[in-house]
1. What FRET efficiency do you get for residue 305 and residue 93 if R0 is 35 Å and r is their Cβ-Cβ distance, rounded to the nearest 0.05?
2. Quick one: putting +1 on the C-beta of Lys and Arg, -1 on the C-beta of Asp and Glu, what dipole do you get for the stretch 13-317 around its Cα centre, in Debye to the nearest 20?
3. What distance in nm lies between label points placed 7 Å from Cα along the C-beta direction at residue 7 and residue 282?
4. When the helices in the chain are scored as -39500 (n - 2.57) per DSSP H run of 4 or longer and the sum is shared across all residues, what 222 nm value do you end up with, to the nearest 500 deg cm²/dmol?
5. Measure out, as a whole number of angstrom, how far apart the alpha-carbon centroids of the stretch 263-320 and the stretch 123-177 sit.
6. In the chain, which Cys residues have no partner Cys with a Cβ closer than 4.7 Å?
7. What's the FRET efficiency of residue 206 with residue 155 using the Cβ-Cβ distance as r and R₀ = 41 Å, to the nearest 0.05?
8. Between the stretch 199-217 and the stretch 7-23, how far is it from one alpha carbon centroid to the other, in angstrom?
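Every number in this text was worked out from the coordinates using simple rules, so none of it is lab data. These figures come from a predicted structure and were not determined experimentally. Note that we place each Cβ from the backbone using ideal geometry, even for glycine, and neighbour counts take in every protein chain shown.
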Amino acid sequence: MVLADDFGREVTGVRVSLTDRCNFDCVYCHNEGLGDTRGPMDPSDSEMSADDVVRFLEVVEEYGVEKVKFTGGEPMLRADLEEILRRTPDSMETSLTTNGTFLSGRAEDLVDAGLSRVNVSQDALDPEAFAEITKSGAYDKVMDGVKSAVDAGLTPVKLNMVVFTHTAGYVEEMVEYVAENEGLQLQLIQYMPELTGRPEWNIDIDRVHGWLDDIADETERRDMHHRRRYHVGEGMVEIVDPVENPEFCANCHRVRVTHEGYLKGCLNRNDDLRSMGEMTREEIRKTFEEVVANRVPYYGEYLVRDDDGDWVVNEEYIGA
């Protein structure tokens, strides 16, 4: 039985944060490098255990959830990531979002454990620019990690690049890199000023769409979020542009899980968090059903246009 919210959006995927710790300190990130990041280690007291994660996935499988994406922070800081993957229900497609620094030593093990796909954050192909954006000297490790992921069969490996003033000058080089290297795709992710409080870093994402329209060999529209895909050479480029985009929100089919075991129906909200308590199967079922029932599209419903055309909070959902 697949659950749907009041807007007809079926929930077929979950995004599970395994930790808020991260060994990067990216300038556009709202967490900015937290916690003990010396290397992969056991979960902390504040993080869901492997048993908790697997129990949650087994329960939501009952509701027709077909996909799980493991995220962080940096999820590869969890030493038990392979165990979690091995124990994930066989019916679920598994994917991982990572900064790539630990991939070169673990990519094959992750595949053996059941990982299907991987997204790697890659904001520049120049080591100095990379270090400036990520506050990390891990450029070579990331590049080695991407190669290891391709060699391990995690293709297409998706490179995630946040597009804002610091990275806009590197977009063309990144597109050329993906076009010339088999096994890679590029996701250009629209910068979200509300996460950093730096609106002056924003750029017009429509200009990037226009440029790709001009150079692409072929353009298509993806079912999920109706995103446009641009085929350039051997590679494919996709723009993820959720900001002020009601169409994007109308096609959202995921529920989020925080590393502490809270469910949320929208990535952009923290006023909809619901605890799963001690994470018994019955508590998980009850909370999951409630969260899905209360999901609201962020743009176009939770935020609406006022008479001046500005986005304002719809009072109907305040305190929901």
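1. 0.45
2. Using Cβ point charges on Lys, Arg, Asp and Glu, the stretch 13-317 gives about 600 debye.
3. 3.3 nm
4. Helix contribution divided over all residues of the chain: -8500 deg cm²/dmol.
5. If we compute the Cα centre of each part, the gap is 33 Å.
6. Those would be 22, 249, 252, 266, since no other cysteine Cβ in the chain comes under 4.7 Å of theirs.
7. Given R0 = 41 Å and the Cβ-Cβ separation, E is 0.85.
8. Each part's Cα centre sits 27 Å from the other's.
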